[in-house]
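See structure below.
The values are calculated or read from the model by the stated rules, or taken from the named source; none is laboratory data. Model, not experiment: these values are computed from the prediction. No Cβ is skipped: glycine too gets one built from the backbone with ideal geometry, and neighbour counts run over all protein chains shown.
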Amino acid sequence: MVWKGAILGVGNIALQAHVPAFQTDEFLRQRVRIVAVVEPVEARHAAIRERLPEARIYRDAADLFRSERLDFVDICAPPHVHRDLIRQAVRHGCHVLCEKPLAPRLSDARAIARLLRDRPRVLMVCHQYRYAPVWQALRALIAEGRLGPVGFADITVLRAGPDPGAGDWHPYWRVDARVSGGGILMDTGIHYIDLLRWILGPPVAVWARTQVVRYAGSGVEDTALVCLQYPAGWATLHLSWAAQGRQNRFFFIGPRATALYDGGVLWLQADGALTELVREPLSDKSCYVRWYAGLFRDFVVRLEAWPASAGDDDPLEEAVATLDILAACYRSARVHRWVPLVSTRPAC
């Protein structure tokens, strides 16, 4: 079966990552056809026709759903419209891929989850970092007990600024809280909160501080420090859009060994020896297409197994749980104290 889909919102992430993933991965080329797009900005239509010459272009999602018979939609529009687009898609019987965050507010995410309980469909949020070989190798190390119980982990993510949006719409929407729902915590931090939950399970409490270093007057944070408490230890997360370049580094320490990433290589340090495990530049966005392709393949596998694929590893439930942790981080930053979290089912 070939699954017919439409992309809703054809900005930079759609053209630079989603479309190339669909077009270059052989598994996806055989199983997926993008038949239509929704893009209200006419100035973008020429680029869309060049990249997706067979796709029909609509200015409005309502027109799309009136005219097309679709199996799924891929939502690449900004966060403030996710809830409404998901509602329209599900009511027209579509499965859903959705860019992160699922929604800019936890209440919206919970409303989406209620909708999907009433009208079950596959819904996957684009936490594509899970498909990076570095993070998959780290998770396997910890699951196999190679480190022992992780007592301390630290992740640092530095950027020279937020990724720009499409220049012919709102290039700075990531620092517009009405559109994005938050700053670097919402846009970038959510990936790493998702990864930590996926690798270590749910934290029991969070502490966070946010500040503005560069983007004064924007109304969102550009720098954040987060500490997550786990039964066996701690994880800290340092984030900033105010650096002078892109950097990613981390370490995870257990009683048996340490896993560390220096910006290009994942190493295992144990018994006085340093072993190279995976070589991958996480800061290089050219890797993203491969990660998205892995996520999209997983989505298609779930479609092919539907409804049997609606099991214990519900990706929608995981996305809501990640937003719950993120909301607790913002709450901690406001009240300047630790915020306990209700225990949830471990992610792994």
Discussion item. Condition first: crowded, with 23+ Cβ neighbours inside 10 Å, touching a helix residue (DSSP H, G or I) at 6+ places or on another chain (Cβ under 7 Å), under 24 Å from Gly294 (Cα atoms) and in contact (Cβ under 8 Å) with a residue 60 or more places away in the chain. Can you find one or more residues in region 167-181 that meet it?
Written reply: no
Q. Residue check: is Ala208 modelled with pLDDT of 95 or more, in a strand (DSSP E or B), touching a helix residue (DSSP H, G or I) at 6+ places or on another chain (Cβ under 8 Å) and among the small types (Gly, Ala, Ser)?
A. yes
Taking region 236-258 and keeping residues over 26 Å from Gly161 (Cβ atoms) and surrounded by fewer than 16 Cβ atoms within 10 Å (Cβ to Cβ) leaves Pro255, Arg256
Among residues of region 259-289 being part of a loop (DSSP other than H, G, I, E, B) and under 24 Å from the mean Cα position of the chain (by Cα), the residue surrounded by the most Cβ atoms within 10 Å (Cβ to Cβ) is Leu282
Being in contact with a Leu (Cβ under 6 Å, 6 or more places away or on another chain) and of a type in the set (Gly, Ala, Ser): is that true of Ala235 here? yes
Scan region 133-155 and tell me whether some residue there is closer than 30 Å to Leu70 by Cβ and either in a strand (DSSP E or B) or touching a Gly at 6+ places or on another chain (Cβ under 8 Å) (or both).
no
Taking region 27-45 and the residues there that are aliphatic (A, V, I, L, M) and part of a strand (DSSP E or B), the one that is farthest from Lys4 (Cα to Cα) would be Val38
Exactly one of Ala62, Ala111 is surrounded by fewer than 16 Cβ atoms within 10 Å (Cβ to Cβ), within 21 Å of the chain's Cα centre (by Cα), modelled with pLDDT of 95 or more and not assigned by TED's automatic domain parsing to the domain that holds Ile199, and that one is Ala111
Is it the case that Arg83 is out of contact with any Phe, Trp or Tyr (no Cβ under 8 Å at 6 or more places or on another chain), in a helix (DSSP H, G or I), at negative phi and of a type in the set (Lys, Arg)?
yes
Note on region 148-163: residues buried (at least 21 other Cβ atoms within 10 Å of the Cβ) and of a type outside the set (A, V, I, L, M, F, W, C) are Arg159, Pro162
Item checked: Filter result for Leu85 (touching a Leu at 6+ places or on another chain (Cβ under 9 Å) and either free of Cβ contacts under 8 Å to residues at least 24 places away in the same chain or not β-branched (Val, Ile, Thr) (or both)) -> yes
*Does Ile193 qualify as being at pLDDT 95 or above and surrounded by fewer than 20 Cβ atoms within 10 Å (Cβ to Cβ)?*
no
When (1) in contact (Cβ under 8 Å) with a residue 40 or more places away in the chain; (2) in contact with a Leu (Cβ under 9 Å, 6 or more places away or on another chain); (3) part of a loop (DSSP other than H, G, I, E, B) are applied to Arg69, the one that fails is (2)
